[in-house]
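What follows is calculated from the coordinates using simple rules that are stated; it is not laboratory data. All values reported here derive from a predicted model rather than from experimental measurement. Glycine also receives a Cβ, built like all others from the backbone with ideal geometry; neighbour counts cover every protein chain displayed.
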Amino acid sequence: MTVFKIPGVMTADELTELAFHRAAKKSKPGGAGSKLTRERAFAIAKLQIIQDVLTEKLKKYTKGFPSIDNLHPFYNQLVDVLVGNDRLKKALGAMDWGRRKIAGVCTANIRRIKTEDNINEIQKHRNAAYGRVASVLKQINSELLLLNTARETLRKMPDIDPEVPTVVIAGYPNVGKSMLVERLSSARPEIAAYPFTTKQVLVGHIEVEWVKYQVIDTPGLLDSDPSEKKNIERQAVMALEHLANLMVFVLDPSEYCGYPLEVQLGLSERLKNYFPKLAMIEVENKSDLKVLDSERLKISAMKGEGIDKLKELILSELKTIESNPEPETQNLEP
Ligand SMILES: Nc1nc2c(ncn2[C@@H]2O[C@H](COP(=O)(O)OP(=O)(O)OP(=O)(O)O)[C@@H](O)[C@H]2O)c(=O)[nH]1
Ligand SMILES: [Mg+2]
């Protein structure tokens, strides 16, 4: 299921061809009236078709995209990271500009044609309008292309319901977050033996006794200031900030992930300080490789060990949070 259902966006050339083709299909009026009257009506009808076709298309593009300012803060920031809110707004603005410009060109030439008594001049006005319309579309072509790319990105966005109790899985890259998410939920993330396999947040669901919970897989985080994060890592911070009712912080004591335990613990501390109100469960993954002498829950996402216990812990935490309707997401501003 996709969150944003956005219609496909055509290029300037495609739009020009579509509009002109529709106009060309218009058959010449026969019957009564002089040749001049018929030519005039014919030219007006063609321009009207071009205006209608393009107005409808460009309006559809503007309407098809979500209104960025009204999005949930998580999606607002996600769109900003993945597409750029300003670029998107500018491109949508260009659709309105183009639509108005085309309407203006068509209306002006229709007016001229109405008062024109020379058949050649009528055709000249019509052709002039054609040329201007094509040129307006060319002027917004880069925005049309941007919208099409944005559409592809938006369609692939995770379908997260901010109202559903949510656990966000966080930790250093390569520690086994995605494998854990796969164990815990319906999600089927990509898992690989290198850091930053996960480049975008992904959602899975756990359903227990008809209650649905969300599990969110995030890209790996390095131990640096959460407010300074860019793009890939930033998405993990955004998920914690706007969606998480609970964080499961995954550690890899085997250090097979490629990062010393020290720095992983450093990140854990940093996140605790940055999100002081957020409930957190720390787990040690890869227990098949190494087990520490500690109080933390030990699991092996690979072998499936400790997963049921973790699931129980998660559900009981989420239930307590649920009975306290104030979400835990009001953390420090980034
Ligand atoms: N031995 C062992 N390997 C594991 C375990 N869990 C995950 N791995 C391996 O660790 C590597 C990373 O797993 P991922 O689930 O992709 O890790 P991730 O934390 O999602 O990584 P990023 O998305 O890159 O941040 C893979 O090669 C997994 O097979 C585990 O419990 N035991
Ligand atoms: Mg991953």
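Numbers for the structure displayed
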read-out: Residue of Thr37, Thr197, Thr16 that the Gaussian network model of the chain assigns the largest fluctuation, springs spanning Cα pairs under 10 Å; value: Thr37
read-out: Amide proton proximity set for Leu202, modelled H, under 5 Å, gap of 5+; value: Asp217
read-out: Vicinal HN-Hα couplings computed from phi for the range 43-57 (Karplus, 6.51 cos²θ - 1.76 cosθ + 1.60; Hz; Gly/Pro x); value: 4, 5, 4, 5, 5, 5, 4, 4, 4, 5, 4, 6, 4, 4, 4
read-out: Distant alpha-carbon pairs in the range 12-155 (separation over 26 angstrom), percent; value: 36
read-out: Nitroxide proxy distance, nm - points 7 Å out along Cα→Cβ at Asn120 and Val211; value: 8.4
read-out: In Hz, Karplus ³J(HN,Hα) per residue of the range 105-111 (6.51, -1.76, 1.60; θ = phi - 60°; x = Gly, Pro); value: 4, 5, 4, 4, 6, 4, 4
read-out: Percent of beta bridges antiparallel (DSSP, the chain, rounded to nearest 5); value: 30
read-out: Most mobile of Phe275, Phe65, Phe42 in a GNM of the chain (Cα contacts under 10 Å); value: Phe42
read-out: Pairwise FRET efficiency - Asn70 versus Ser227, Cβ, R0 = 25 Å, nearest 0.05; value: 0.50
read-out: Three-way shape call for the range 166-323 based on the alpha-carbon gyration tensor, with the a/c threshold at 1.5; value: rounded
read-out: Length-normalised contact order of the chain in % [C-alpha pairs under 8 Å, at least 6 apart]; value: 16
read-out: Cβ-based net charge around Leu292, under 10 Å, with every Lys or Arg adding one and every Asp or Glu removing one; value: 0
read-out: Listed residues Asn70, Asn109, Asn285, most fluctuating in the chain (Gaussian network, C-alpha, under 10 Å); value: Asn70
read-out: Long-range amide H partners of Met280 with built H, under 5 Å; value: Met247
read-out: Neighbour net charge for Gly131 - beta-carbon separation under 12 angstrom, K R +1, D E -1; value: +4
read-out: When each of Lys60/Lys229; Lys46/Lys156; Lys89/Lys230; Lys59/Lys114; Lys90/Lys199; Lys89/Lys212 is checked by Cα-Cα distance, pairs over 31 Å; value: Lys60/Lys229; Lys46/Lys156; Lys89/Lys212
